[in-house]
Amino acid sequence: MPPPRRWAPLLRALPPRLQQRLLERAMAAVLAAPIADGSLDFMEGRRLGIDVTDLDLHWVVELRDGRLHAGDGTPEASVRGTATDLLLLAGRLEDADTLFFQRRLVLTGDVELGLTARNTLDRLPWEAVPLALRIGLNRGARLARAARSAHLGLGTAA
């Protein structure tokens, strides 16, 4: 399987609005409970950037009127990493602190906003994430990790 950067032209061919809508749907499924119980109120009107470096994808997420929106603009804080590392984080196969200390994820801008968002997501019960999405994230993260290991000649990492 080719490294994620080789998929970048294909993914960039998707219209930005379609990318944003897919991201919004995924966030709505994962974060419905924290939005409803007010755990994400600190994000109201705040902009958090997500940069997938090897795919050259960038989104800015903002909570408005109880709904997360993905779009463009200038973020107040950004998290930046490769598709594999962000998938490992989302699939809970790697700890955020490990990725940050190894400099595989970088947080810039309003660090307090970024850390508050990260801590809120860390407290999210994994079982609250819809099963199909948990399976997809887990399998995608394992596949990406194995592909990276194979590409680097490290063998299979399960």
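Residue-wise HN-Hα couplings along segment 91-108, as the Karplus relation 6.51 cos²θ - 1.76 cosθ + 1.60 with θ = phi - 60° gives them from phi, are x, 6, 9, 9, 7, 4, 4, 4, 5, 5, 5, 7, 6, 8, 10, 10, 10, 10 Hz; Gly and Pro carry x. The modelled label-to-label distance between L14 and L121, using points 7 Å beyond Cα along the C-beta direction, is 1.7 nm.
Only the Cβ atoms of Lys and Arg (+1) and of Asp and Glu (-1) were treated as charged; on that basis the dipole of segment 19-59 about its Cα centre amounts to roughly 140 debye.
Go ahead and estimate [θ] at 222 nm for the chain from helices alone: -39,500 (n - 2.57) per DSSP H run with n ≥ 4, summed, over the residue count, rounded to 500. Present the calculation step by step, with values, prior to reporting the outcome.
Values: 6 runs with 74 residues, N = 158.
Calculated mean residue ellipticity at 222 nm is -14500 deg cm²/dmol.
Taking the Cα centre of segment 33-143 as origin and assigning +1 to Lys and Arg Cβ atoms and -1 to Asp and Glu Cβ atoms, the resulting dipole is close to 360 debye. Express as a percent, rounded to the nearest 5, the fraction of DSSP beta bridges in segment 33-127 (both residues included) that run antiparallel. Here the antiparallel bridges make up roughly 75 percent for segment 33-127. Each part reduced to its alpha carbon centroid, segment 84-158 and segment 32-61 end up 15 Å apart.
Expected output is a single nm value to one decimal: the length gained when fully extending between F42 and A150, i.e. 0.36 nm times separation in residues minus the C-alpha distance. What is it?
Values: separation 108, 0.36 × 108 = 38.88 nm, distance 4.08 nm.
Difference between extended and current length: 34.8 nm.
In the list (i) 8, 23, 22, 11, 12, 13, 9, 2, 0; (ii) 9, 36, 37, 15, 3, 0; (iii) 10, 39, 40, 11, 1, the label attached to P(r) over Cα pairs in 10 Å bins from 0, in percent as derived from the coordinates here is (iii).
Which of A90, A33, A70 ends up with the largest GNM mean-square fluctuation for the chain, with Cα atoms connected below 10 Å? Fluctuation is largest for A33.
Of the solvent-accessible surface of segment 75-158, computed with a 1.4 Å probe over protein heavy atoms with every protein chain present, carbon and sulfur atoms account for 58 percent.
Mean-square fluctuations from a GNM of the chain, with a 10 angstrom spring cutoff on Cα atoms, peak among V106, V61, V52 at V106. Distant-in-sequence amide contacts of L63, defined by a placed amide H-H separation under 5 Å and a gap of 5 or more residues or a different chain, comprise G45, R46, H69.
The values are calculated or read from the model by the stated rules, or taken from the named source; none is laboratory data. On a predicted model such as this, the values are computed, not experimentally measured, just so you know. Neighbour counts are summed over all protein chains in view; Cβ atoms, including those assigned to glycine, are modelled from backbone coordinates with ideal geometry. These accessible areas exclude ligands, DNA and RNA; they are computed on the full protein's heavy atoms, side chains included. Shrake-Rupley method; radii C 1.70, N 1.55, O 1.52, S 1.80 Å.
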